[in-house]
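So the structure is just underneath, and the comments pick up after that.
FYI, it's all coordinate maths here, none of it is from the lab. No experiment lies behind these values; they were computed from the predicted model shown. Here the Cβ positions follow ideal geometry from the backbone for every residue, glycine too, while neighbour counts run over all protein chains shown.
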Amino acid sequence: MKIGKFVALAGLVGLLAVGLAHAQRQIDDTPDTAVPARASPPSPSGAVAHQYEAILGDNSGIAPAMFVKMAALGGMTEVEIGKIAQAKANDPNVRKFADEMIKDHSKANAELATLAKTKGLAVPVALDSEHEAIVQRLKSMPSTDFDAAYSRQMVESHDKTIALFEGATKSSDDDIAAFAKKTLPTLERHKQMADSLPTS
C-alpha cells in the first residue's frame, strides 16, 4: 500500500514537472510584444546646457530677454577665463588667443549692455553658479593640464555661443537680430582659432 502511494505520488510529481516544462516552453516561444522601456536621455549638465539644447532644436529664434542673459553670461565667462589663461597658459598661442577673447568679448559685452538698456532688458552683473563653476575649475587646474583644458572649453563654449547667436538672428526684435548677425563672424573666427589650439 505504501509502495502504491509512493508510485502514485511520483507519477503526479512527474506530470506536474512535464506540465511546468511545457508552460515554460510556451512562454519562451511567445514573441515579446511588450514595449521596451525607453532609456532615459542623458541629463544636461544644468539649466544653461538645457537652454542651449533648446536653441539648437528650435528654428523660431530666441526671446530677447533670454538672449541678453545667456550672451552676457557667456561673454563674461570668456573674459574671466581669458584672464586666467593669460596667467597660467604655457603655450604662447593659447595666451595670444586669450588676449583676443578678452578684447573681443569685452567689446561685445559693452555693446550688448548698451543695447539691452535701450530695450529695458536686465543684464547679469555677475556669473551664475554654472558659469562660475567653469571659471573655478580652470582656475584650480594644474598648470601642466591647463592649456588642453582651456582649449577644449573654448571649442565647446564657441559651439554653444554660435548656436545662441544663430538663434538670435531670427529674433522678433530687429535690433537684437542685427547685433547677433554683426557679432557672428567674430565668433566663427574665434571657433576656427579654438579648433587649432592644443586639446591634449
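Results, tabulated for the structure shown:
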item: For the stretch 82-89, Karplus couplings with θ = phi - 60° (6.51, -1.76, 1.60), whole Hz, Gly/Pro x; result: x, 5, 5, 5, 4, 8, 10, 5
item: Ascending count of other beta-carbon atoms within 10 Å, so fewest first, for 125, 155; result: 125, 155
item: Positive dipole terminus of the stretch 47-195, leading residue within 72, 113, 186 (C-beta point charges); result: 113
item: Of 103/181; 107/191; 139/181; 83/191; 83/182; 83/160, pairs whose Cα-Cα distance is over 27 Å; result: 139/181
item: The stretch 47-195: relative contact order as a whole-number percent, Cα under 8 Å and 6+ apart; result: 36
item: Footprinting exposure proxy for 147, 175 (fewest neighbouring C-beta atoms within 10 Å first); result: 175, 147
